[in-house]
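Take a look at the structure below.
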Amino acid sequence: MAKARPRKRWIAETLFDDLGFRMTFAVDKVLHEEKTAHQHLVLFEQPFFGKMLMLDGATQITKRDEFIYQEMMAHVPLFAHGQAREVLIIGGGDCGIAEEVLKHKSVRHLTQVEIDPKVVEFAKKHFPEFTRPVFADKRFTSVIDDGARFVAKTKQKFDAIIVDSTDPQGPGKILFSAKFYADCRRCLAKGGVLVTQNGVPFLQERELVSSIAKFRKLFADASCYVAAIPTYIGGHMAMGFASDDKRLRRHSAATIARRYRKAGSFKTQYWTPDMHVAAFAQPRFIADAINRAQNRE
């Protein structure tokens with residue numbers, strides 16, 4: 001009698017259970033799985049997307065398309081600013097965004113604040129392509145702390161703050177609060193820029209509207225830019241963008257290209273000067289959501 005073939009494991013993204021659907025991934029091999037003090041973490045090999053990391057049922061990174069999110073979260077704010085020297089990343093324990101930030105010659109120091117030490121240890125083991133060059137760079141400082149607590153107490157000033165948060169659930173929920181944004185505003189140097197992960201507006205419009213409405217009470221300019229990231233289902237992903245300098249998101253492609261050349265024209269797979277400018281052109285339904293946020297009292 002032939003032996004029964006072992007059943008293939010499937011891992012579901014449960015982020016949109018309240019909307020009545022799940023994205024489920026076939027697993028070739030589970031590389032690591034544990035319940036840390038802060039969240040459930042699972043890393044697995046997937047036939048198409050390669051290595052995938054999920055936290056609390058939400059996809060964080062895949063080998064196949066990580067470059068899109070990392071590049072757009074890093075290069076848009078830094079090239080928009082043009083001369084960012086002090087940069088802060090909240091979250092980002094896998095160090096993918098940090099690696100992109102450190103490609104900028106203008107950056108003198110990068111501070112990364114990750115709440116969960118297990119994520120950093122895990123990334124060193126499973127994502128050495130990100131962590132090895134980052135931790136070897138003398139400009140980089142890793143801090144294990146609650147990001148909200150860090151910005152509430154630090155006396156440092158930053159030219160750019162990049163919030164690489166999970167969705168507004170669990171330990172990431174506080175990173176969408178009015179107090180957190182106000183503390184980020186206090187930490188920004190004159191002309192600084194704040195960029196946040198704001199989900200997929202087609203499925204998470206409330207998240208985007210809420211964040212932009214809070215930005216509007218703190219900053220002279222508040223909007224978002226978008227990127228198409230296959231793993232983050234639902235279409236465009238929105239990155240919140242806030243600054244007191246209204247010029248930052250209105251530079252021409254020629255200006256951004258000039259800054260890119262000055263930075264060394266390092267290799268990218270998604271971001272380009274033209275894509276940088278185009279990312280701020282919002283589809284109508286996203287622009288309408290932004291307008292609703294701006295009209296909130």
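The values are calculated or read from the model by the stated rules, or taken from the named source; none is laboratory data. Please read these numbers as outputs of a predicted model, since none were measured by experiment. Here the Cβ positions follow ideal geometry from the backbone for every residue, glycine too, while neighbour counts run over all protein chains shown. For accessibility, only protein heavy atoms count, side chains too; no ligands or nucleic acids. Shrake-Rupley method; radii C 1.70, N 1.55, O 1.52, S 1.80 Å.
Data overview
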read-out: Any hit, segment 87-106, residues being closer than 30 Å to residue 244 by Cβ, crowded, with 19+ Cβ neighbours inside 10 Å and acidic (Asp, Glu); value: yes
read-out: Scan of segment 131-158 for residues that are part of a strand (DSSP E or B), open to solvent by less than 50 Å² (accessible area, probe 1.4 Å) and either under 17 Å from residue 186 (Cα atoms) or out of contact with any Phe, Trp or Tyr (no Cβ under 8 Å at 6 or more places or on another chain) (or both), ordered by number; value: 140, 158
read-out: Residue 115, sole failed condition from (1) closer than 16 Å to residue 73 by Cβ; (2) in contact with a helix residue (DSSP H, G or I) (Cβ under 7 Å, 6 or more places away or on another chain); value: (1)
read-out: Residue under evaluation residue 50, criteria (1) surrounded by 13 or more Cβ atoms within 10 Å (Cβ to Cβ); (2) under 20 Å from residue 199 (Cβ atoms); (3) small (Gly, Ala, Ser), criterion not met; value: (2)
read-out: Pairs, first farther than 17 Å from residue 58 by Cα and open to solvent by 10 Å² or more (accessible area, probe 1.4 Å) in segment 223-252, second in a strand (DSSP E or B) and of a type in the set (Gly, Ala, Ser), C-beta under 6 Å, six or more apart; value: 226/238; 245/191
read-out: Residues within segment 19-42 that are among the polar types (S, T, N, Q) and over 14 Å from residue 60 (Cβ atoms), tallied; value: 1
read-out: Leading residue by the ranking (nearest to residue 239 (Cα to Cα)) among those in segment 186-203 that are surrounded by fewer than 19 Cβ atoms within 10 Å (Cβ to Cβ) and of a type outside the set (A, V, I, L, M, F, W, C); value: 191
read-out: Out of 74, 37, 80, 84, sole residue that is in contact with a helix residue (DSSP H, G or I) (Cβ under 8 Å, 6 or more places away or on another chain), open to solvent by 10 Å² or more (accessible area, probe 1.4 Å) and touching a residue at least 60 places away in the same chain (Cβ under 8 Å); value: 37
read-out: So residue 61, is it open to solvent by less than 70 Å² (accessible area, probe 1.4 Å), under 16 Å from residue 129 (Cβ atoms), β-branched (Val, Ile, Thr) and in contact with an Asp or Glu (Cβ under 7 Å, 6 or more places away or on another chain); value: yes
read-out: Matching residues, segment 159-170, being touching a helix residue (DSSP H, G or I) at 6+ places or on another chain (Cβ under 9 Å) and either part of a helix (DSSP H, G or I) or modelled with pLDDT under 90 (or both); value: 165, 166, 167, 168
read-out: Check on residue 29, farther than 25 Å from residue 265 by Cα, of a type in the set (Lys, Arg), touching a Leu at 6+ places or on another chain (Cβ under 9 Å) and open to solvent by 10 Å² or more (accessible area, probe 1.4 Å); value: no
read-out: Odd one out for residue 278, checked against (1) closer than 22 Å to residue 192 by Cα; (2) at pLDDT below 95; value: (2)
read-out: Members of segment 10-41 that are within 19 Å of the chain's Cα centre (by Cα) and of a type in the set (A, V, I, L, M); value: 15, 41
read-out: Filtered residues of segment 246-297 (kept if closer than 21 Å to residue 224 by Cβ, part of a loop (DSSP other than H, G, I, E, B) and in contact with a His (Cβ under 6 Å, 6 or more places away or on another chain)); value: 271
read-out: Evaluation of residue 45 against (1) in contact with a strand residue (DSSP E or B) (Cβ under 7 Å, 6 or more places away or on another chain); (2) open to solvent by 80 Å² or more (accessible area, probe 1.4 Å); (3) without any contact (Cβ under 8 Å) to a residue 60 or more places away in the chain (one fails), failing number; value: (2)
read-out: Failed item, numbered, when residue 56 is tested on (1) at pLDDT 95 or above; (2) open to solvent by 10 Å² or more (accessible area, probe 1.4 Å); (3) touching a His at 6+ places or on another chain (Cβ under 7 Å); value: (1)
read-out: Flag for residue 109 being at pLDDT 95 or above, closer than 22 Å to residue 148 by Cβ and open to solvent by 10 Å² or more (accessible area, probe 1.4 Å); value: yes
